[in-house]
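Reviewing the structure listed below.
The values are calculated or read from the model by the stated rules, or taken from the named source; none is laboratory data. Computed from a predicted structure; not experimentally measured. Cβ sites come from the backbone with ideal geometry, for glycine too, and all protein chains shown count toward neighbours. Accessible surface areas use protein heavy atoms only, side chains included; no ligands, DNA or RNA. Shrake-Rupley method; radii C 1.70, N 1.55, O 1.52, S 1.80 Å.
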Amino acid sequence: MTFRIASFSLIAALLLLAQPKPDLKLPNEKDSLKFAVLGDAGTGEKPQYQIGELAEAYHQMFPFTFSIYVGDNLYGGEAERDFKNKFELPYKALLDDGVKFYAALGNHDDPNQRFYKNFNMNGKRYYSFKPKNGVRFFALDSTYMGPEQLEWFEKELADSGSDWKIAFCHHPPYSSGEKHGSSLELRRAVEPLFLKYGVNVVFTGHEHFYERIKPQKGVYYFIEGASGKLRKDNIAVNEWTAKGYDQDNTFMLVEIAGDKLYFQTIARSGEIVDSGTIERPAKKAD
Amino acid sequence: MRLLICAMLGALAAAAADAPAGTGFSAFQKNVNAYLKVHQEQEKKVPALKPGATAKDINDHKSAFGKALRSARADAKQGDIFGTSAPAFQALLARELKGPENSSLRKAVKDENPAKKLAGPIEIHINETYPSSLPLSTMPPALLAGLPRIPLDLEYRVMGRVLILHDRDADMIVDFLPEATPKL
């Protein structure tokens, strides 16, 4: 009996040790905006579940209220079981805690996902939302960026005043990936709008790794495409790579407080592969 | 008489407002409008899909809407919508995609082109559901800007060198144009 109790205790201790301990690098201020970034996640395989568990562990100490989901939300099918196994179960704990997901469509996604209750797209392929005064998000459909979408985007940007402007979509305007690389045609269409209206940060996926790009004409770009999928050794570091990581699955945590955006990228192993602060230019006095 | 001719020309231009003038897309636009009518009629027969839907709602709607459309278009065949505008599409895509100056557009269309995922040749059939195991091709903004505008219920997509018209809500291929693009 004593041997059994000791054995169970040892197994429990080993299991606890196996799950990485959260190592939060963000200020975790009381009234800041907190969110997560996950991308290319919808595999239904073990790494996605493990990222989900790790995100939940961090959520206990860093209560982000939503996650942006940068496309390729479901791979290989859109039946009920796909939604369940490739989204609802991996993130069950987060969903049960009230974390909302705001999705963008990827090239593996059926556009009817825009109606799915848990993606909060409100029936739109592209949409904007304002989770807190002073911060506006723009979800774009980079798989089908027709003139109507670009017209909508410009109007929304023009109306967003001096808010933090954060865009997210599936394809990366800047990427060091050997598989896909930069989406040059997308960049040609959207970068002028980013610059004209002061978009601060762009989150994307499509490449199955993490990359932080050095600011391009004042705009910060991140690729978070490794929250389920992973393509090892796929980054060809070049002059615009600030940080690249392609050895394990990852997700991001982000916090916005005033004119500062803090970020942290966490690997499935628990390793903190990147972190930092982005400071946007102070608002000009009226 | 001159005034009458001017008025008629103006009316024709207005009717083909979505078709680039003098570029052979008028037949296509007419066929798209006819398809849209069928789409809207059949859409009314199935419960509307609303934001906040469950996975089951989405699948039930696609299934019901697809079934209604297939029934209404039982005799549909390849070319019904592209029609006599097919050469105009091929010419436009050749202009947009050929040559060293268009390499980045070609690259964008090739990226994750679903034909790459297939073991054998592409087989496409009218009224079939878009294969769920295949990604949708990405349509670059510059290419979409040059193509005739179509209602948001329809999308252009590429599979290999085939240009397809995809009914977004029914997730159905409603027409396709083989060898539409130059070699990518």
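Worth a mention:
- Each Lys and Arg Cβ is given +1 and each Asp and Glu Cβ -1; about its Cα centre, chain A then shows a dipole of about 400 debye.
- Normalised contact order of chain B, rounded percent, pairs of Cα under 8 Å and 6 or more residues apart: 24
- Multiplying the residue separation of A:THR241 and A:LYS214 by 0.36 nm and subtracting their alpha-carbon distance yields 9.1 nm.
- Rounded to the nearest 10 Å², the accessible area of B:ARG149 at probe 1.4 Å: 100
- Probe 1.4 Å - accessible area at A:SER227, Å² to nearest ten: 0
- The long axis of helix A:147-158 is offset from the longest Cα principal axis of chain A by roughly 90 degrees.
- In the A-B interface, the accessible area buried, summed over both sides, Å² (probe 1.4 Å): 3200
- For peptide B:130-138, the mean count of partner chain Cβ atoms within 10 Å of a residue's Cβ comes to 6.
- Longest exposed-site-free window of chain B, the sites being GluC sites (Glu not before Pro) in a DSSP loop that have at most 16 other C-beta atoms within 10 Å: B:1-122
- Rg/Rh for the stretch A:18-127 stands at 0.97; both radii use Cα atoms, and Rh follows the Kirkwood definition.
- Beta bridges per DSSP with both ends in the protein assembly as shown, % antiparallel, nearest 5: 70
- Considering only the stretch A:150-286, percent of DSSP beta bridges that pair antiparallel, nearest 5: 80
- For the stretch B:132-173, the calculated P(r), taken from all Cα-Cα distances in 5 Å bins from zero up to the bin holding the longest distance, is 5, 20, 33, 29, 10, 2 percent.
- When the Cα convex hull of the protein assembly as shown is projected onto planes of every orientation, the mean area is 29.0 nm².
- For the stretch A:58-112, accessible area per residue (1.4 Å probe, heavy atoms of protein chains only), Å²: 32
- Within 10 Å of each Cβ in A:98-111, the average number of Cβ atoms from other chains: 3
- Across peptide B:139-151, the mean count of Cβ atoms from other chains lying within 10 Å of each residue's own Cβ comes to 4.
- Efficiency of FRET between B:ALA94 and A:LYS46 - r from beta-carbon atoms, R0 41 angstrom, step 0.05: 0.30
- When you filter the chymotrypsin sites (Phe, Trp or Tyr not before Pro) in the stretch A:108-217 for DSSP loop state and at most 15 other Cβ atoms inside 10 Å of their Cβ, nothing is left.
- Per residue, the average separation of C-alpha pairs within less than 8 Å and at least 6 apart gives chain A a relative contact order of 20 percent.
- Cα-Cα separations in the stretch A:200-244 greater than 17 Å, expressed as whole percent: 28
- Positions from the stretch A:173-192 whose accessible area shrinks by 20 Å² or more when the full protein complex is built, not the chain alone, probe 1.4 Å: A:HIS180, A:LEU184, A:GLU185
- Pair-distance profile P(r), taking every C-alpha pair of the stretch A:200-277, with 5 angstrom steps and integer %: 3, 16, 28, 27, 16, 7, 2, 0
- When a 1.4 Å probe is rolled over the protein heavy atoms, the share of accessible surface on the stretch A:75-174 that falls to carbon and sulfur comes to 44 percent.
- In the stretch B:16-142 the Cα-Cα distances spread across 10 Å bins starting at 0 as 10, 27, 38, 22, 3 percent of all pairs.
- Candidates B:HIS166, B:HIS39, B:HIS61: whichever shows maximal mean-square fluctuation once chain B is modelled as a Gaussian network with Cα springs under 10 Å: B:HIS61
- Selected from A:PHE101, B:LEU147, B:ALA55, residue furthest toward positive end of dipole (the protein assembly as shown; charges at beta carbon): B:LEU147
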